[in-house]
Amino acid sequence: MRLSATASALTITDRMTERARSVDARAATRPDILPQYDGYAQYPRYLQRAKGAYVWDVDGNRYIDFCLGYGPVILGHGDERVNGRAAAATANGGCFAPLWSPLQIELAELLTSVIPGAEMCLMLKTGSDATSAAVRLARIYTGRSAVLRWGYNGWHDWSVEQAAGVPTSVRENSRAFDFNDLDVLESLLSHGNDKVACVITMPFWDDQVEASHLSSIGEVARRNGALFVLDEMRSGFRVALGGAQQYLHVQADLAAYGKAMGNGHPISALVGRRDILSKLSDTKVSSTYFAEPGSMAAAIATIEILRDTDALDHVWRLGEVFQNGLKTLTSRFGSAIEVVGYPPMPFMRFQSEDATTRFAVEQHFYSKTTAAGLLLHPNHQWFLSAAHTTGDIYQALEVIELALETL
Ligand SMILES: Cc1ncc(COP(=O)(O)O)c(C=O)c1O
């Protein structure tokens, strides 16, 4: 079946202003102090609060949240068990640099016990921190400079897709490879004159991956003297406690975790081989806030809950119900709509011959779903949390069915 929809003639700012009534509308009138972005109609710009599986915008509208802060909120927004531990940790002061809180040892013990191959760990704040630390260490360990990367690995110079603002010398030392083409990867590595320090990759993006394919990427990297680094920012503490390494039984030399590790508190970690992480003594990977104990307490609480309860099983079960429902709803569209991904992080992909039609269809679909109270990202994996219920999933499917009927 072919898809079609007509984009509204109103500008984005018109639509935002029309839709919103309070702070949202005010923000749309202040492009001088807030960057404007190309959005989709009906999306709220500002949220007032979030609890469990729901968020409320500044106009009081409630949404079932499938964005979950781009993935971190694995237990649900504002989880009191996690926030209580974080608050208790910061009640006695929280800014200890250059000294550490003993929570760091507790968290390191936990990470090394639940993540396969984690012999040692470094605590940081963001995903970009952790992937960049991995690249620095790979360069020190191998004495090489180049990086082959796949997926989104953060915003730093070596990983950003856009050339603007990135020196040519940095861009020459880092290039994206085709995840699905092992032959090209092999030739990039073998013709690289022993220059490639690491192959860093997400274990998968929107689509599922064969474990054997992921391990082949690691084998090709290592055979050519490069380190194999997994970016587990989205998959870690989500597809399994130990991420794709555990779920797919694929072992990296270094692996970067964050997001679901702290249920929304800002913390990430780089884990892996001790002989590589020990090279941290040759460099400086440091921040005033790396040792901040509140987020470490939040991470300890989150990981313990994920380890000791059936939270992740629940996320998988709900994801399966969601994906099966989506497959049924979209079957009449044939290949024009694909339901992809792993159940804890599914996605519905619109296919079209041209980008303009696809954008118009997506705009139409996502405007309908947002207006009906679902927060679904138009071009990023969706996420489920342990706070979502079967009722939320059925409600989401009902809304999606109605939106699909209008296409
Ligand atoms: C796979 C992956 N790696 C790295 C990052 C960067 O993490 P951060 O935004 O915390 O710097 C992200 C963020 O979305 C990500 O999805």
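Which value does Rg/Rh take for the stretch 86-196 over its C-alpha atoms, Rh per Kirkwood?
1.07
If you plug the beta carbon distance of PHE96 and SER287 into 1/(1 + (r/R0)^6) with R0 = 22 Å, you get a FRET efficiency near 0.95. Exceedance of the 27 Å cut-off in Cα-Cα distance is limited, within the set LYS259/LYS368; LYS125/LYS284; LYS51/LYS327, to LYS259/LYS368; LYS51/LYS327. Which FRET efficiency value, to the nearest 0.05, is calculated for SER212 and THR389 with the Förster distance at 51 angstrom and r the Cβ-Cβ distance? According to the calculation, E is roughly 0.90. With N counted as the residues of the stretch 80-308, its alpha-carbon radius of gyration over 2.2 N^0.38 Å works out to 1.00. Between the beta carbons of HIS377 and GLU119, assuming R0 = 41 Å, the FRET efficiency works out to 0.70 to the nearest 0.05.
Per DSSP helix of 4 or more residues, -39500 (n - 2.57); summed, then divided by the residues of the chain. What does that give at 222 nm, rounded to the nearest 500? Value at 222 nm, helices only, nearest 500: -12000 deg cm²/dmol. For the stretch 206-330, the Kirkwood hydrodynamic radius from C-alpha pairs, put into Stokes-Einstein at 37 °C and a viscosity of 0.692 mPa s, yields a diffusion coefficient of 199 µm² per second. Rolling a 1.4 Å probe over the protein heavy atoms of the stretch 80-308, with every protein chain left in place, gives an accessible area that is 51 percent carbon and sulfur. When the P(r) of the chain is calculated, the portion above 40 Å amounts to 19% of the C-alpha pairs. Pairs of Cα atoms nearer than 8 Å and 6+ residues apart set the relative contact order; for the chain it is 24 percent.
Rounded to the nearest angstrom and listed largest first, the equivalent-ellipsoid semi-axes of the stretch 308-407 from its Cα gyration tensor are 24, 14, 12. Checking every one of the chymotrypsin sites (Phe, Trp or Tyr not before Pro) in the stretch 122-194 against DSSP loop status and a limit of 14 other Cβ atoms within 10 Å picks out TRP155.
If you look at the Cα atoms of the stretch 40-95, you get an Rg and a Dmax of 13.9, 45 Å. Length gained on full extension, GLN351 to GLU106: 83.5 nm, using 0.36 nm per residue less the C-alpha separation.
The values are calculated or read from the model by the stated rules, or taken from the named source; none is laboratory data. Worth saying up front: this structure is predicted, and the values here are computed from it rather than measured. All Cβ positions, glycine included, derive from the backbone under ideal geometry; neighbour counts span all protein chains shown. Only protein heavy atoms, including side chains, enter the accessible area calculation; ligands, DNA and RNA are left aside. Shrake-Rupley method; radii C 1.70, N 1.55, O 1.52, S 1.80 Å.
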